[in-house]
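Take a look at the structure set out below.
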Amino acid sequence: MNEMLPRAAIRAARTNLVWLALPLLAFGVAVAWILSTDPLSGFRNGAPPVENLTFERTVFDEGGLRLLVRAGGSEPMTVAQVQVDDAYWQFTQDPPGPIARGRAAWLKLPFPWMLGEAHAVKVVTSTGATFAHDIAVAVPTPQATTGQMRLQAMVGIIVGIVPVAVGLMFYPVLRDVGREGMAFLLSLTIGLLGFLLVDAGAEALELASETAAIFQGPVMVVLAALSSFLLLMAIGRRSGAPAGVALSTYIALGIGLHNLGEGLAIGAAFAAGSAGLGTFLVLGFALHNVTEGIGIAAPILKKRPSLWTFVGLTLLAGGPAVIGMWLGSLAASAQWSALALAVGAGAILQVIVEVGAYLRRQSERGRDVFLTPPVLAGLAAGAAFMYVTAALVKI
Amino acid sequence: MEKQTRQDLLRRRSLLMGGLAAAGGTAICTSVAMGQQPANHAGHGAQAIADAADPMPSMGHGAMMTVGDVDSAANGFDPTDMLTDWDTGTVSTLPDGRTLRTFEMTAEDREIEIAPGIKFPAWTYNGRVPGPALRAKEGERLRIVFRNYASHPHSIHFHGIHAARMDGVPGAGMVDPGDEFIYEFDAKPFGCHLYHCHAMPLRRHIHKGMYGAFVIDPDPERHPEHADVARSRLLGTPENTGWQELVMVMNAFDTNFDAENEFYAVNTVAHAFMKRPIRIVKGKPVRIYLINVIEFDPINSFHLHANFFDYYDQGTTLTPTLKTVDLITQCQAQRGILEFTFAEHEPGLYMFHPHQTEFTELGWVGMFDVVEALA
């Protein structure tokens with residue numbers, strides 16, 4: 001009898017295998033039938049192929065104008081001519097020839113662009129379809145020189161690392177807060193993170209709308225945010241709910257990922273030639289981000305971590321701004337910035353959930369803690385501070 | 001298609017760059033200065049010719065040009081050949097002794113290359129855009145046998161004097177696909193005219209390519225007071241062979257159907273005469289039969305560099321209607337004859353273009369290559 005069991009199991013496994021293979025086989029037959037009989041031919045009406053072209057990067061330098069374009073047509077598309085400001089300009093394409101669906105190519109024009117002026121680019125494909133790209137302000141694209149990298153790092157440090165460090169410097173003062181003060185600070189953190197979540201989500205979706213159709217921008221943003229949220233939740237909860245330094249680390253990571261996405265977008269905007277005016281805006285941005293440091297400090301007020309912990313948290317939260325700026329100005333396109341911001345949004349959502357859970361555990365009132373005056377005030381203050389300081393950097 | 005048109009300056013990340021740009025001003029200024037070099041503005045023509053070989057010329061006007069060449073062999077017509085390619089039909093004598101001139105015309109759907117790499121689904125007369133340049137002599141009997149091999153009803157509406165039933169409008173000479181019609185009328189008045197399809201919608205039929213030049217030469221015997229001028233216009237006379245005659249049909253193409261033209265040209269191919277300047281023998285006077293059939297823009301013009309010309313509006317006079325001008329404007333369907341000479345000029349490249357600069361930069365521009373004598 002005992003020998004019969006494995007045989008029965010083998011037989012069952014074989015049956016399962018057949019049931020697995022059968023639907024796959026049926027699908028294979030269907031594909032073969034479609035390919036061989038071409039039942040879709042009846043739909044062909046001689047209409048020209050659908051064409052789509054997305055402008056991913058714009059580079060101005062002493063050689064003229066360079067454009068990275070991505071094809072999204074139903075068939076390979078050919079860029080036949082390029083207009084700038086309603087005039088045809090000679091150009092070269094790299095790589096040359098038709099651009100396959102989803103592929104990108106550089107168009108190089110020896111175009112004598114004007115500093116600070118607007119230019120309108122129009123690509124004409126072989127079918128005569130046109131794709132327009134307006135450049136609001138032409139400024140030279142930063143070269144990947146050490147000087148430029150250092151300059152970008154400096155801005156990244158000012159907007160990313162300095163505010164976090166300043167926020168963390170409140171640590172000694174914050175240590176003396178009582179139970180209610182603690183609840184206020186944690187809910188302040190949730191408020192500011194809530195602002196960042198909305199902000200990152202909106203920016204990611206806005207960038208997504210500029211990406212080639214093939215990337216399905218909004219879907220990509222939502223899926224990336226959700227999966228990064230779930231992944232970080234799973235990692236964070238592998239040995240119970242995070243608290244203390246662990247929770248601070250997650251907050252710093254969430255803010256860091258947000259700053260990476262921001263940095264990518266900033267760098268890409270710079271590379272694309274759009275720029276605003278004024279150093280005060282950088283400072284306004286720094287002020288805006290000071291709250292981030294306070295938020296990171298909140299869970300470790302009772303822990304007395306080492307100085308190196310603070311340094312690590314600062315770098316984790318602020319450092320990605322520098323890396324993002326470098327990557328963004330050198331290589332990023334809208335889809336990568338959108339993706340980074342979406343991942344950041346997911347990470348922020350995870351931190352909101354964890355800080356909320358931590359806040360609940362800290363209080364004997366359980367879920368009701370969210371309805372207490374200090375928490376409600378903290379939530380409002382966090383979001384309001386971010387909102388008001390954000391006004392400094394928007395025109 | 002145009003959703004990428006906005007550069008959002010209002011984003012806060014963009015604003016940050018202001019600080020960066022301000023901080024890095026010194027470094028940036030250097031490259032700006034280089035980017036703004038005006039480069040070589042002189043010698044348009046020489047630049048143009050050099051461009052064929054050099055894909056990345058200096059950033060002057062020479063780079064402002066379509067890239068590549070049109071395959072004239074595949075098109076079946078060449079803008080340069082069209083300049084002098086008159087269709088004089090076949091000639092026979094009527095019982096009353098008058099000359100009967102018979103032209104054969106067909107309508108065909110054809111995809112043509114209107115600029116390097118740009119295919120346009122055209123409707124054509126005799127497979128070309130513009131259609132054949134018909135030329136007759138004042139007073140002749142004209143017979144145009146028109147067969148429609150295309151997918152839509154078409155007609156030929158001649159600018160000239162004729163009976164209502166020969167007008168080429170709906171109800172008078174409109175030809176369904178597969179059918180045939182014979183237009184018959186006397187050649188009058190002399191002048192530089194045109195013909196075009198008058199099927200509805202009119203704008204679509206014209207902008208798709210159904211038009212051409214229709215020139216009636218004056219009969220010297222009917223104009224004794226200016227017989228020598230008439231003889232110089234009459235194709236085939238010794239006086240006429242002393243002239244260099246060119247037919248230029250100013251046209252344009254809307255390739256993306258937004259009611260604006262993407263390409264402007266003379267004889268269809270944008271920039272054709274920049275890439276291959278028109279050879280002019282210095283000693284021989286030049287006569288241009290100029291016709292404007294551009295759709296979507298009400299007016300076009302012709303401006304000649306370094307020279308002035310006499311203009312005969314509609315070509316229906318033997319004395320100039322405008323003397324010594326360097327620019328004329330033509331409304332849609334307006335046409336005329338330009339006469340000038342480079343006899344006193346030094347050889348070289350002389351530009352011509354409309355003074356609507358936009359049209360110039362979108363392809364309607366060319367060069368006369370004035371030479372001492374043809375080799």
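None of the figures in this text is laboratory data; all of them are computed from the coordinates on show. Computed from a prediction, not measured in an experiment: that's the story for all the values here. Heads up, the Cβs are rebuilt from the backbone with ideal geometry, glycines too, and the neighbour counts pull from every protein chain shown.
Points to keep in mind about this one:
- Over 21 Å between alpha carbons, listed pairs B:K137/B:K282; B:K137/B:K208; A:K122/B:K119; B:K188/B:K208: B:K137/B:K282; B:K137/B:K208; B:K188/B:K208
- Based on the Stokes-Einstein relation at 4 °C and a viscosity of 1.567 mPa s, and on the Kirkwood radius from alpha carbon pairs, the protein assembly as shown is assigned a translational diffusion coefficient of 41 µm²/s.
- Placing +1 on the Cβ of every Lys and Arg and -1 on the Cβ of every Asp and Glu, with nothing else charged, gives chain A a dipole about its Cα centre of roughly 1540 debye.
- Contact order for region B:240-375, expressed relative to its length and based on alpha carbon pairs under 8 Å spaced 6+ residues apart, stands at 31 percent.
- Between A:E62 and A:A100, the FRET efficiency from the beta-carbon distance, with R0 = 30 Å, is close to 0.45.
- Sorting the segments A:34-40, B:176-182 by their mean number of nearby beta carbons within 10 angstrom, highest to lowest, gives B:176-182, A:34-40.
- With the highest mean first, a sort of the peptides B:108-117, B:314-323, B:85-94 on other beta-carbon atoms found within 10 angstrom per residue produces B:108-117, B:314-323, B:85-94.
- A:A390 paired with A:E180, simple spin-label distance in nm, labels 7 Å along Cα-to-beta-carbon: 3.0 nm
- In region B:137-179, taking the dipole from charged Cβ atoms about the Cα centre, the farthest positive-side position among B:H162, B:N148, B:V175 is held by B:H162.
- Between B:V281 and A:L17, the simple label model (points 7 Å from Cα in the Cβ direction) yields a spacing of 9.0 nm.
- Computed helical MRE - 222 nm, chain A, DSSP H runs ≥ 4 contributing -39500 (n - 2.57), nearest 500: -20000 deg cm²/dmol
- The translational diffusion coefficient of region B:273-375, from Stokes-Einstein at 37 °C and 0.692 mPa s with a Kirkwood hydrodynamic radius over alpha carbon pairs, comes to 231 µm²/s.
- Relative contact order for region A:89-204, counting Cα pairs under 8 Å that sit 6 or more residues apart, in percent: 13 percent
- Note on A:128-141: average number of Cβ atoms from other chains within 10 Å of each residue's Cβ is 6.
- When you restrict to C-alpha pairs under 8 Å that are six or more residues apart and normalise by the size of chain A, the relative contact order lands at 22 percent.
- Local electrostatic count at B:S72 - Lys and Arg +1, Asp and Glu -1, tallied over other residues with Cβ under 15 Å: -2
- Each residue of region B:253-267 was assigned a 3J(HN,Hα) from its phi angle through the Karplus curve 6.51 cos²θ - 1.76 cosθ + 1.60 (θ = phi - 60°); the sequence is 9, 9, 8, 10, 6, 10, 6, 9, 7, 8, 10, 10, 7, 10, 6 Hz, with glycine and proline shown as x.
- Reach of B:K323 by Cα under 17 Å, taken over aspartates and glutamates that are not fewer than 8 positions away in the same chain: B:D310, B:D313, B:E339
- Projecting the Cα atoms of A:S41, A:L65, A:P6 onto the charge dipole of region A:1-81, computed from C-beta unit charges around the Cα centre, puts A:P6 farthest toward the positive end.
- At least 20 Å along the helix axis (C-alpha) and Kyte average at least 0.0, DSSP helices within chain A: A:4-37, A:179-208, A:217-236, A:244-271, A:279-297, A:307-330, A:334-362, A:373-392
- Those trypsin sites (Lys or Arg not before Pro) in region A:339-385 that DSSP places in a loop and that have at most 13 other beta carbons within 10 Å: A:R365
- Descending semi-axes in whole angstrom, ellipsoid equivalent of region A:123-228, from the Cα gyration tensor: 41, 23, 10
- Taking a ≥ b ≥ c as the square roots of the Cα gyration tensor eigenvalues, chain A comes out oblate, since a/c reaches at least 1.5 and a/b does not exceed b/c.
- Dipole magnitude (debye, nearest 20) for region A:16-165, charges at Cβ of Lys, Arg, Asp, Glu: 360 debye
- Exposed loop positions in chain A were taken to be GluC sites (Glu not before Pro) whose DSSP state is not H, G, I, E or B and which have at most 10 other beta-carbon atoms within 10 angstrom. Between these positions, the longest stretch is A:4-363.
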